[in-house]
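Student: Got a structure for you, written out below as structure tokens; questions coming shortly.
The values are calculated or read from the model by the stated rules, or taken from the named source; none is laboratory data. Note that this is a predicted model, so its numbers are computed, not measured. Please note: Cβ atoms are built from the backbone with ideal geometry, for glycine as well, and neighbour counts cover all protein chains shown. Side chains included, ligands, DNA and RNA excluded: accessible areas come from the protein's heavy atoms. Shrake-Rupley method; radii C 1.70, N 1.55, O 1.52, S 1.80 Å.
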Amino acid sequence: IMNRATINEYVAIYSDVLDYLTDNYCDFYDFMCEPRYIDDAPWAYDDFCDGNIRVVSGATRLCIILENEGYVLKIPFYMKSGTNYCMREADVYDDAKARGLDKFLAETLYLMDYMGAECYLMKKAKTYDDFDGDIFERTLRVSGYSDEEIDEYYDSTYEERAKQIFLCSYGSYEEEINEFFDFLAASCISDLHHMNIGFINGAPVIIDYAGY
């Protein structure tokens, strides 16, 4: 869990990064003036990289990833619905923490405002593309799944698959995992496909739980 001193360090780190991007890229300056999804932005269809800075766009947020830092920066888009999906994610995390279920989520918290835009941090996790081969199938095989059981896994829903991965990885926490997935359902979080599950210290965590 991040302390105040570390938060202040990340304010300085990401302020410098945002200063650099807004000073050197007109597209990014325009984005910060009005954070929204931009079809023709350099980061719209592929990762945008400059040195150790990587910019990734989702449907509701922009993410800035620094190669050597343990937290990524998320900036919410202005949405017609008025929903701030980073704030929603932080609220879900706080709610899970109050229930003792936060170990199953990548930590997220508000960091700062920059040019009027709210900026949030999320603990960095390894994602599907960071592994050689299918990390989920590997997790199942280590847990003793047969070929037939793995086929059944791939025929199940995203939510069912995610729960199996968590049960395989946190075997002694079965009751908490059941409570956690009930909590996700009650929070209207169901988009649990393979790119929304990451791994921290070898254990799975949900890395996108805004409920979009």
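Student: Return the pair list, or none, for Cβ contacts closer than 8 Å from residues in the stretch 118-140 that are under 15 Å from residue 202 (Cα atoms) to residues that are of a type in the set (Ser, Thr, Tyr) and not in a helix (DSSP H, G or I), at least 6 apart or on different chains.
Tutor: Short answer, once both residue conditions are applied: 123/71; 123/108; 124/71.
Student: Of the residues that sit in the stretch 125-141 and are outside any helix (DSSP H, G or I) and open to solvent by 60 Å² or more (accessible area, probe 1.4 Å), which one is farthest from residue 7 (Cα to Cα)?
Tutor: Narrowing the stretch 125-141 to residues outside any helix (DSSP H, G or I): 125-127, 131-134.
Subset that is open to solvent by 60 Å² or more (accessible area, probe 1.4 Å): 126, 132.
Details: 126: 22, 132: 33 Å.
Across the stretch 125-141, the extreme among qualifying residues is 132.
Student: To continue, here is another question. Just the residues that are of a type outside the set (Val, Ile, Thr), part of a helix (DSSP H, G or I) and open to solvent by less than 60 Å² (accessible area, probe 1.4 Å), please, taken from the stretch 142-160. It would help to see each step written out before you state the result.
Tutor: Of the stretch 142-160, the ones of a type outside the set (Val, Ile, Thr) are 143-149, 151-156, 158-160.
Pick out the ones that are also part of a helix (DSSP H, G or I) and you get 147-149, 151-154, 158-160.
Hit for the stretch 142-160 is 153, nothing else.
Student: Okay, next question. Based on what the data block shows, is residue 113 modelled with pLDDT of 95 or more, part of a helix (DSSP H, G or I) and open to solvent by 80 Å² or more (accessible area, probe 1.4 Å)? Talk me through it step by step, then tell me what you get.
Tutor: Details: modelled with pLDDT of 95 or more: yes; part of a helix (DSSP H, G or I): no; open to solvent by 80 Å² or more (accessible area, probe 1.4 Å): yes.
In short, no.
Student: Going residue by residue through the stretch 202-212, is there one that turns out to be open to solvent by less than 80 Å² (accessible area, probe 1.4 Å), assigned to a helix (DSSP H, G or I) and in contact (Cβ under 8 Å) with a residue 12 or more places away in the chain? Spell out how you get there, then give the answer.
Tutor: At the first step, the residues of the stretch 202-212 found to be open to solvent by less than 80 Å² (accessible area, probe 1.4 Å) are 202-211.
Add one more test, that the residue is assigned to a helix (DSSP H, G or I), and what stays is none.
Checked against the condition, which is being open to solvent by less than 80 Å² (accessible area, probe 1.4 Å), assigned to a helix (DSSP H, G or I) and in contact (Cβ under 8 Å) with a residue 12 or more places away in the chain, the stretch 202-212 yields no hits at all.
Student: Also, quick follow-up: Please go through the stretch 32-65 and pick out each residue that is open to solvent by 10 Å² or more (accessible area, probe 1.4 Å), in a strand (DSSP E or B) and hydrophobic (A, V, I, L, M, F, W, C).
Tutor: Answer for the stretch 32-65, where residues must be open to solvent by 10 Å² or more (accessible area, probe 1.4 Å), in a strand (DSSP E or B) and hydrophobic (A, V, I, L, M, F, W, C): 48, 49, 53, 56, 63, 65.
Student: For the stretch 79-114, how many residues meet the condition of being in contact with a Pro (Cβ under 9 Å, 6 or more places away or on another chain) and closer than 18 Å to residue 18 by Cα?
Tutor: Qualifying residue count, the stretch 79-114: 1.
Student: Give the residue, chosen from 189, 177, that is among the aliphatic types (A, V, I, L, M), open to solvent by less than 30 Å² (accessible area, probe 1.4 Å), in contact (Cβ under 8 Å) with a residue 40 or more places away in the chain and part of a loop (DSSP other than H, G, I, E, B).
Tutor: On the way: 177 fails: part of a loop (DSSP other than H, G, I, E, B).
Selected residue: 189, the only one of 189, 177 that is among the aliphatic types (A, V, I, L, M), open to solvent by less than 30 Å² (accessible area, probe 1.4 Å), in contact (Cβ under 8 Å) with a residue 40 or more places away in the chain and part of a loop (DSSP other than H, G, I, E, B).
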